[in-house]
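S.K.: There's a structure below that I have some questions on.
The values are calculated or read from the model by the stated rules, or taken from the named source; none is laboratory data. Please read these numbers as outputs of a predicted model, since none were measured by experiment. Ideal geometry is used to build each Cβ from the backbone, glycine not excepted, and the neighbour counts take in all protein chains shown.
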């Protein structure tokens, strides 16, 4: 049985949702099947802190910016080479392409030299999208493993979870305070639509924005502190009231182009179709007819159309829901980890 060390990103708190989605849940499935043993690790924050215990490992996976400094990354690479331990870097965001105005640029800046060092030194680089892989193709061997969702965490594909709602079209937008620019992309159109028809829609905003928004059609729902850990967040999210359509706007830039379509998968798991910005991040689902596109200037028009075609929305949601559990579940992700990475 392979012993797989996992150094996941946890910036001074709980593990990120990315760590759960990309690594912990799929690898734990493999562990349950007897294919590997997962060994969680924690990076040293300072040079004089104890080093990682790597002895006995067969693979080491380092995720995102889990190495906080260049010195920690250099020491880790050296320790792996001394032990002939294959080092795998997993990356699901183009952190090196964060726009200057992005709220997280300052937080990630100290870790970028470490990330660049790992991109050069890793034995294998695993990316969440083909776009991100193409941005890093000069560094060496790589694999593309798309994100998926865990059936147990989301209560699986046992039945399609939603029925049609009545009244104004209920919209859902999920995004942290770091996604202000994406939400700002569509706010003027939502304002204009609400001015023309105050009862056309209601929008629930999960996660919040950096500056509070006051709109008669907007409900902001903060994620409770006890639900910040990803599996608990999923359980909390599934208890939200009924919605009809999930929104996924993205500002066009190299950072967003490399993003995965996990937000659309979240909506599919909730039984919602998605209205999203066209572009590389969502192109696969758009091309398959599993989501609706909206260019800038088209959001109000598309939302207005959706309000009058709820049965078609439901059929679209059912198709996306089936696609998710047939092709993008943790079971498929785990199989890809085993075949393309751990046993490669």
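S.K.: Can you tell me which residues in region 309-341 are without any contact (Cβ under 8 Å) to a residue 24 or more places away in the chain and either buried (at least 21 other Cβ atoms within 10 Å of the Cβ) or not in a helix (DSSP H, G or I) (or both)?
M.R.: Result: 309, single match.
S.K.: On the basis of being assigned by TED's automatic domain parsing to the domain that holds residue 64, touching a helix residue (DSSP H, G or I) at 6+ places or on another chain (Cβ under 8 Å) and within 29 Å of residue 58 (Cα to Cα), does residue 87 make the cut?
M.R.: yes
S.K.: Taking the conditions exactly as written (touching a strand residue (DSSP E or B) at 6+ places or on another chain (Cβ under 9 Å), at pLDDT 95 or above and surrounded by fewer than 18 Cβ atoms within 10 Å (Cβ to Cβ)), does residue 81 satisfy them or not?
M.R.: Yes, satisfied.
S.K.: Moving on. Taking residue 153 and the conditions (1) within 24 Å of residue 331 (Cα to Cα); (2) touching a residue at least 40 places away in the same chain (Cβ under 8 Å); (3) out of contact with any helix residue (DSSP H, G or I) (no Cβ under 9 Å at 6 or more places or on another chain), which numbered condition does it fall short on, given that it satisfies the others?
M.R.: Here residue 153 meets the rest and fails (3).
S.K.: Looking at 262, 221, 234 in this structure, which one is closer than 30 Å to residue 100 by Cβ and either in contact with a helix residue (DSSP H, G or I) (Cβ under 7 Å, 6 or more places away or on another chain) or outside the structural domain of residue 133 (by TED's automatic domain parsing) (or both)?
M.R.: Values: 221 fails: closer than 30 Å to residue 100 by Cβ; 234 fails: closer than 30 Å to residue 100 by Cβ.
The conditions single out 262.
S.K.: Additional query: Only one of (1) surrounded by 15 or more Cβ atoms within 10 Å (Cβ to Cβ); (2) free of Cβ contacts under 8 Å to residues at least 24 places away in the same chain; (3) outside any loop (DSSP other than H, G, I, E, B) is not met by residue 226, so which one is it?
M.R.: Only one criterion is unmet by residue 226, namely (1).
S.K.: I'd like to know if region 192-199 contains one or more residues that are at pLDDT 95 or above, more than 25 Å from residue 312 (Cα to Cα) and surrounded by fewer than 22 Cβ atoms within 10 Å (Cβ to Cβ).
M.R.: yes
S.K.: Which numbered condition trips up residue 207, out of (1) buried (at least 16 other Cβ atoms within 10 Å of the Cβ); (2) at negative phi?
M.R.: Going through (1) buried (at least 16 other Cβ atoms within 10 Å of the Cβ); (2) at negative phi one by one, residue 207 breaks only (2).
S.K.: Out of the residues in region 97-110 that are over 20 Å from the mean Cα position of the chain (by Cα) and assigned to a helix (DSSP H, G or I), state the one that is nearest to residue 70 (Cα to Cα).
M.R.: By that ranking, first place goes to 110.
S.K.: Would you check if residue 151 is surrounded by 15 or more Cβ atoms within 10 Å (Cβ to Cβ), in a loop (DSSP other than H, G, I, E, B) and under 20 Å from the mean Cα position of the chain (by Cα)?
M.R.: Yes, satisfied.
S.K.: Here is a further query. Residue 91: under 30 Å from residue 211 (Cα atoms) and modelled with pLDDT of 95 or more, yes or no?
M.R.: Yes, satisfied.
S.K.: Just give me the residues in region 185-221 being farther than 16 Å from residue 248 by Cα and part of a loop (DSSP other than H, G, I, E, B), in sequence order.
M.R.: Correct list: 197, 198, 199, 200, 210, 211, 212, 213, 214, 215, 216, 217.
S.K.: What number of residues within region 267-289 are surrounded by fewer than 21 Cβ atoms within 10 Å (Cβ to Cβ), assigned to a helix (DSSP H, G or I) and either in contact (Cβ under 8 Å) with a residue 40 or more places away in the chain or touching a strand residue (DSSP E or B) at 6+ places or on another chain (Cβ under 7 Å) (or both)?
M.R.: The number of residues fulfilling the criteria is 2.
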